[in-house]
Amino acid sequence: MKKIVKVVSVLILIGILYAGYTNYPKLELISGFSAKSVASAHFIDHRSLELIEKSDNDIKLIRLANNSILDAEKSATSSVFGLQKRKAIYREGLGSMLIDEDFDVTKPYLVPNRVQPKINFPYPFGTNEPKDSTFSTVDYSKLQKAVDNAFDEGDAFEKRTRSVVILHKDHLLIEKYADGFSKDSRILGWSMTKSITATYFGILQYQNKFDINKPAPIAEWKADERAKITTHNLIQMNSGLEWEEKYDRICDATKMLFQAKDMGQVQLDKPLFGKPNASWNYSSGTSNLLSKIVRNQFKTHQEYLDFWYWSLIDKIGMYSMVVETDMTGNYVGSSYAWATTRDWAKFGLLYLHNGNWLGEQLFDASWSKYVATPTPTSDGKYGGHFWLNSSGKYPDAPRDMYYASGFQGQKVIVIPSKDLVIVRMGLTDDESFDFNGFLKGVLGSFEK
């Protein structure tokens, strides 16, 4: 009997050691995610640690993190069982950034110069409050019911919608916010940032400063088969480059976001696994590589930092938006743009107007059609850094609908045929939130 107990004890010990060995590397990613999330949500949107832990960090495994905020030095730290401690710092103008032990926090840094004049028009085109407006073609009781249904009632904790803003014919049709959130709350768009990043190539091309159909301007690729990859292929996520994006494990995407100094370099270093224009593969690394390519179009880092704001973000009055950088100063074009829901809606409105904002053309009108054109081998679900409904993922929504989409159900939806922009921000995606039902309800409030 003692021998059996001894054997069982040894087996249990081996199991514990094996579990620790295989899961220890994950702890750094858990603490990294948590520290970055806490720092950004607290310093950008002034959320309390309690709220962040109950909402933003209410994710399997991330709940294991122990977090603290140091307001005096504008930083947040996280660890798991006291192990793999990570730190994120906040810098005004650049947002929060996860750093490693080698990062010099005393080193001077550049920040974007922003020009944000008052625009004496009502929202969404100006900085004044929106005007009350009604449309005879809208059944407002049905619309209100559809929007209300997107939010949890009472103590329910399933839909977890934070905000909804709907624009129709250049007017704010309706908006609603969950408790603790308002029109001034900045919310992380996650992968909606990808659609922001791609837009800069439309802008540069319209300015005759870039040609997306030429081979991507990457010196390291010129001597091998990657030389055939065009920027167009990158924008369509169809480069053929190797990449793994599985957030339930350690993969290329998690290592990039929570370990890499230069996030754009990670995809750049990957070999081909398929053929350009014939191997669609969703990749956050590609978006950060595109951000790096944008940076290389400018002689100085300051010009790159400024360009993102003066050419697009501040140009259309998205004054609340902050795009965060990695440790080398690249904008994290895959994931880290924050803005109010109203400002996210302005981005959709720009596309609804085919790049025209108050009479000024920011990108060619054909660019909207380009980003909404299905990428080869994507089964009609993806375009130029935008998702598409051309294959009917949402059967009760028009097929011309396209949208920016981010983790946990962030969406800026553009429906040209209905002159609509619909923004939903929250903490649940299609598995828990019925987007098709939501869209059906909203669209059902309009007369046929």
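On the given criteria, is Ala404 among the small types (Gly, Ala, Ser), touching a residue at least 60 places away in the same chain (Cβ under 8 Å) and under 21 Å from Trp280 (Cβ atoms)? Against the criterion (among the small types (Gly, Ala, Ser), touching a residue at least 60 places away in the same chain (Cβ under 8 Å) and under 21 Å from Trp280 (Cβ atoms)), Ala404 qualifies.
Counting only residues that are farther than 23 Å from Ala253 by Cα, assigned to a loop (DSSP other than H, G, I, E, B) and touching a residue at least 24 places away in the same chain (Cβ under 8 Å), segment 176-216 holds 7 of them. Residues in segment 126-168 that are surrounded by fewer than 16 Cβ atoms within 10 Å (Cβ to Cβ), within 18 Å of Lys183 (Cα to Cα) and modelled with pLDDT of 95 or more: Gly126, Thr127, Asn128, Glu129, Gln144, Asp148. Can you name every residue in segment 417-446 that is aliphatic (A, V, I, L, M) and farther than 21 Å from Ser185 by Cα? Correct list: Leu420, Leu439, Val442, Leu443. Residues in segment 86-115 that are surrounded by 19 or more Cβ atoms within 10 Å (Cβ to Cβ) and farther than 26 Å from Lys26 by Cα: Leu94, Pro112. When segment 147-175 is limited to residues that are over 18 Å from Val414 (Cα atoms) and outside any loop (DSSP other than H, G, I, E, B), the one that is farthest from the chain's Cα centre (by Cα) turns out to be Asp148.
The values are calculated or read from the model by the stated rules, or taken from the named source; none is laboratory data. Everything numeric in this text was worked out from a predicted model, so none of it was measured. Note that each Cβ is placed from the backbone with ideal geometry, even for glycine, and that neighbours are counted across all protein chains shown.
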